[in-house]
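Engineer: Attaching a single structure in C-alpha cells format; questions to follow.
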Amino acid sequence: MLVQKSIKVVTRGRGTHEITDTIQEIVGGAGIANGLCQVFVHHTSASLMLCENADPAVLTDLETIMARIAPDGDPEYRHTAEGPDDMAAHMRSVLTQTGLSIPVTGQRCDLGTWQGVYLWEHRYEGHQRRITVSVLGE
Amino acid sequence: MLVQKSIKVVTRGRGTHEITDTIQEIVGGAGIANGLCQVFVHHTSASLMLCENADPAVLTDLETIMARIAPDGDPEYRHTAEGPDDMAAHMRSVLTQTGLSIPVTGQRCDLGTWQGVYLWEHRYEGHQRRITVSVLGE
Amino acid sequence: MLVQKSIKVVTRGRGTHEITDTIQEIVGGAGIANGLCQVFVHHTSASLMLCENADPAVLTDLETIMARIAPDGDPEYRHTAEGPDDMAAHMRSVLTQTGLSIPVTGQRCDLGTWQGVYLWEHRYEGHQRRITVSVLGE
C-alpha cells in the first residue's frame, strides 16, 4: 500500500521549522500499520533533518557551525547573482538531507525520544516550501 | 512484503562500529528476494554511514576531519549542559545519516566491494543504541 | 511492485555528472505510476546529490567549499597509500549521500523545478561507477 500527500510549509526566513506533528498526522491517517515514511523537500536551498527537539539552543548552535562550514558571501563564490545567502544555501542543502526515511510502526513514525523532524530554511527570506510525504507498507 | 526488526548495539564510546554482518543476517532471513533495506538509528547523537571497510585508518581520518568541522567544546556553543561532546555529536549526526537505504538483490544488501555499514557513536561514553531495519520488496 | 535496474556511469575525474535524464527514463519505463525511486551508488569515493541544475557556477562553488571541509593531502591523514585525493574522497562521500529517495508521481520522479540528480566523482581520475535504481510503488 502507498499513500502520498504534498504539503506546503511557509518559512519565516533562515532557521528551522519543526514539522514532526504534521508528519505524524499524515502517517496516522494513512491507514498503514507498518512500513516506511519518506519525507521529501522539492527545493535546493532548504533541507530536512532529524534533530534533538528538547533544547532550542541546539538549533542555534547548528546555525553557528553551519555558518562556518558554508559561509554566506564567500569571496570565492561565483554563483552570487541571488545574494550572499544563495550559494551557502545550496551547500547547506547538499550537506544535510533532501529526503528522510523513517520506519512506521503501529501507524506512527517510530522516532526516538528526542528526534524531531525539521525543515531547515537556508535563505534569508521566507519561502513557501513544498514537501511530499510518502507512506509505504501494509 | 515487509519485514521489520529492531536491534540494540552497545557502543564503547566515540567511534565507528561496523554492523554490516548483522544487517546482512536480518536481510538474509527476511525472505525477500529483491527490494530495499532501510536502516534507521533512533538517536540524535549517533548516526549511520556507508564507508570503506578495508583500511581502518580511513575511520581514524574521518574522526580527524569531523573534529575540525564539528569541534567539541566550542566556545560559541550554548547547548553545553551535557558536556563538550554533546553539541558536537548533534552536528555530526546532522552532517551524516540517520537512515540508509540499500538495494536488496538475491536476499542480500547489494553493497559495493568496499562498502561497510557503520554505526557512528558521537558521544564520549558508550551507549545502547536502537536501530530498526526495514526490508521491503517481493 | 518493484523494478530494479543497474547502470554504469563513466566519470571523467573529480566533478559532477548530471544523471537526471537517465533516472527519469528508468522511472518512466518501470510501469509504476506512484511510489518511490531510490538511487544508490555502490562506491565509497563517489556520491549522489540533488542540486540546482540551472547555473553551472553552483557546482564549481560546491567544489570550492568541499575542498576546504575535506582537503586533499591533509598532513594528518593516515590513509594515504592511494594518493592525496583518496581520503578526501571518502570524507566527501560520508558528508553527502550514497542513496537518494525521490517520490514518484505520474510515472516520473517528482523533482522540484531546479532539482537535478548528480553523481559526484571525488577521485582525480575517471572511474566506472555502478548505480542501482529501485522503483517501488503501484
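Readers should treat all values here as calculations from the given coordinates under stated rules, not as data from a laboratory. If you're wondering where the values come from, they're calculated on a predicted model, not measured in any experiment. For neighbour counting, all protein chains shown are included, and Cβ atoms are generated from backbone atoms with ideal geometry for every residue, glycine included.
Engineer: For chain A, calculate the relative contact order in percent as a whole number, restricting contacts to Cα pairs under 8 Å that are 6 or more residues apart. Before the final figure, lay out each step's value.
Structural biologist: Working: 288 pairs, mean separation 75.5, N = 138.
After rounding, I find 55 percent.
Engineer: Per 0.36 nm of contour for each residue apart, how much would the distance between C:THR113 and C:ARG68 grow if the chain were fully extended, relative to their Cα-Cα spacing?
Structural biologist: 13.3 nm
Engineer: Moving to a separate point now. From the phi angles alone, apply the Karplus equation (6.51, -1.76, 1.60; θ = phi - 60°) to region C:9-18 and give each ³J(HN,Hα) in whole Hz, x where the residue is Gly or Pro.
Structural biologist: Result, ordered by residue: 10, 8, 8, 10, x, 3, x, 9, 10, 6 Hz.
Engineer: Just order C:18-31, A:122-135, B:88-101, A:32-45 by mean Cβ neighbour count inside 10 Å, highest at the front, would you? Write out the running numbers ahead of the final one.
Structural biologist: On the way: C:18-31: 16.9, A:122-135: 19.4, B:88-101: 24.9, A:32-45: 23.2.
Highest mean packing first, the order is B:88-101, A:32-45, A:122-135, C:18-31.
Engineer: What's the average, rounded to a whole number, of partner chain beta-carbon atoms within 10 Å of each residue's beta-carbon in B:123-136?
Structural biologist: Details: counts 0, 0, 0, 0, 0, 0, 1, 3, 1, 5, 1, 11, 0, 9.
If you average over the peptide's residues, the count of other-chain Cβ atoms is 2.
Engineer: On C-alpha positions alone, give me the angle between the axis of helix B:86-95 and the longest principal axis of chain B, in degrees, nearest 10.
Structural biologist: 40 degrees
Engineer: In region C:1-57, which trypsin sites (Lys or Arg not before Pro) are in a loop and have at most 14 other Cβ atoms within 10 Å, using DSSP for the loop call? Could the numbers behind the result be given before it?
Structural biologist: Numbers: sites: C:LYS5, C:LYS8, C:ARG12, C:ARG14; in loops: C:ARG12, C:ARG14.
Listed in order of number, the matching sites are C:ARG12.
Engineer: Taking θ = phi - 60°, what integer Hz values does the Karplus form 6.51 cos²θ - 1.76 cosθ + 1.60 yield along region B:63-73, in sequence order, with x for Gly and Pro?
Structural biologist: After applying 6.51 cos²θ - 1.76 cosθ + 1.60, I find 5, 4, 5, 4, 5, 7, 5, 10, x, 6, x Hz.
Engineer: Now a separate question. Considering the dipole of the protein assembly as shown built from charges on the beta carbon (Lys and Arg +1, Asp and Glu -1) around the Cα centre, which of A:THR64, C:ILE131, A:GLN107 is farthest to its positive end?
Structural biologist: The one lying farthest along the dipole's positive direction is A:GLN107.
Engineer: Residue by residue through region B:24-29, which ³J(HN,Hα) values in whole Hz follow from phi under the Karplus form 6.51 cos²θ - 1.76 cosθ + 1.60 (θ = phi - 60°), with glycine and proline marked x?
Structural biologist: Rounded to whole hertz, the list is 5, 4, 5, 5, x, x.
Engineer: Whose amide H sits under 5 Å from the amide H of A:ASP110, counting only residues 5 or more places off or on another chain, with H placed in the peptide plane?
Structural biologist: A:VAL104, A:THR105
Engineer: Same structure, new question: Just in region B:39-97: which GluC sites (Glu not before Pro) are loop by DSSP and have at most 15 other Cβ atoms within 10 Å?
Structural biologist: B:GLU76, B:GLU82
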